[in-house]
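Here's the structure we're looking at; comments come further down.
Only the coordinates and a few stated rules stand behind these numbers; no lab work does. Please read all numbers here as calculations on a predicted model, not as lab measurements. Reconstructed Cβ throughout: ideal geometry from the backbone, glycine too, with neighbour counts over all protein chains shown.
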Amino acid sequence: MADTLIRALVAVEGLDAFDVQRAMPDDPNFELVGMTDGVDDTVRMLQTRQVDVLLVACQGREDDRSLQIIDGAHRSAPDVPIIVLASTSPNGFLRRAFEAGAADMAIFPQTKEQLRFAMSIAIARHPGQHAQQTERKDSRLICVLGPKGGTGKTLTSCNLAVALALAGQKVLVIDLDLQFGDVGLCLGLPPEKTMYDLAVSGGSLDEDKLGDYIMTHETGVDVLLAPARPDQASAITIELLRDILVVARGAYDYVISDTPPGFTAEVIATIDASSDLVMVGTLDSLSLKNTKLGLETLGLMEYDKSKIQLVLNRADTRVGISQHDVVAVLGSEPNIFIPSDREIPRSVNEGIPIILSRPQSYAAASFHDLAGLFVTTRPGPNGSDSAEAAVAAPERATRSLFRFKRK
Ligand SMILES: Nc1ncnc2c1ncn2[C@@H]1O[C@H](COP(=O)(O)OP(=O)(O)OP(=O)(O)O)[C@@H](O)[C@H]1O
Ligand SMILES: [Mg+2]
């Protein structure tokens, strides 16, 4: 998260300005635009400076001027999210602060990391000018994430997409690893058109326009590729991403977003817009710890736990960690286990997802199982479950940790 520049304006009311300033993040990607005192000063700064977020640091009393500051700031700069930093939070004050236009509230003092996180979330969540809710009621946006690099997010995104397409679903994969995206490589698609081309094309976005920048895999999976070069990533703004997600959800049964490691601004915006999350971790103590932290972060973001599917990759690796240990660390049993398979690196190198190159493998079966968690089951002919049947892999043995046979 520390990689996104945050320009914050801080209005102080009834607290020691020096204490408030000292509490601000001190990483190079945090810029304190200024400290203001009162409504006029705050509004003037909002109108003349580039501000991503306004913090109103106050005592949280109903009669203090902070409510006027929030109200004035919200009216003059509705695009700037406002976080109330209050030393107390009586109910009456909170209600009035939200009515006046506050986006979030945090108790002061906070650690620098907590404060940065609260600001990132408020910025990512703040509705842009363009966000219109036009998504189809039954379409799903599945955000595949993992707090660490190399856990198997891209592998999971690509194989899940193909499994859903094989089950007759209309699927789009969006590669949100904007700097180092490799969905194209995994699916063997050349970067002829990318999200960068879409970003620099100008004009408004609709289904037809999105279609102009999409590459199609032989299975019918559509892909919006990440920019071909890291320096092009900055062309993709959060506003554009929000528009893409809304338009894509209107056009597809399933939109799957592959993400970079960690909670970057675009990842937070996608999590907020998503209907489901797939959290991918691997079976080693470091990765488990990070997966747990990731789940805790989703908890802080108040994400509905029942919409998170936990995938444990390389689940048969002999590393001295028992199934009991996994459940004890993560607090719940993973939903899907993917075994280590030396055919996987080969399939990645060849650009053919393992679900196609080794359809009989346990790994392929695991991805079909994962798809089965999402496909809405509708009763088929003779009372059978058609969607369930469609995602069924050749072997649907009950898979569990350490139960994969070595091939
Ligand atoms: N179950 C597995 N068995 C064997 N190799 C695997 C397995 N899962 C992943 N790999 C290998 O690990 C590499 C990293 O996987 P992948 O690119 O999917 O991770 P990622 O989480 O997307 O990484 P990043 O965060 O860098 O984008 C792949 O090249 C793949 O070959
Ligand atoms: Mg990846």
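In segment 37-53, which residues have a backbone nitrogen under 20 Å from the label point lying 7 Å from residue 62's Cα in the Cα-to-Cβ direction? No residue qualifies, since no backbone N sits under 20 Å from the label point. Largest first, the extents of the alpha carbon coordinates of the chain on the three principal axes equal 69, 50, 44 Å. Sequentially through segment 53-59, phi angles give Karplus couplings (6.51, -1.76, 1.60; θ = phi - 60°) of 8, 10, 9, 10, 8, 8, 7 Hz, Gly and Pro residues having no value and appearing as x.
For the pair residue 293 and residue 218 in one chain, pulling the backbone fully straight at 0.36 nm per residue adds 23.3 nm over the alpha carbon distance. Simple spin-label estimate for residue 346 and residue 18 gives 6.9 nm between the two label positions (7 Å along the Cα-to-Cβ direction from each Cα). Computed extension length for residue 231-residue 37: 65.9 nm, one decimal, from 0.36 nm per residue of separation with the Cα-Cα distance subtracted. Were the residues from residue 329 through residue 239 laid out at 0.36 nm apart, the gain over their Cα-Cα distance would be 28.7 nm.
Restricting attention to the chain, the count of lysine pairs at 8 or more positions apart or across chains with alpha carbons under 19 Å apart stands at 12.
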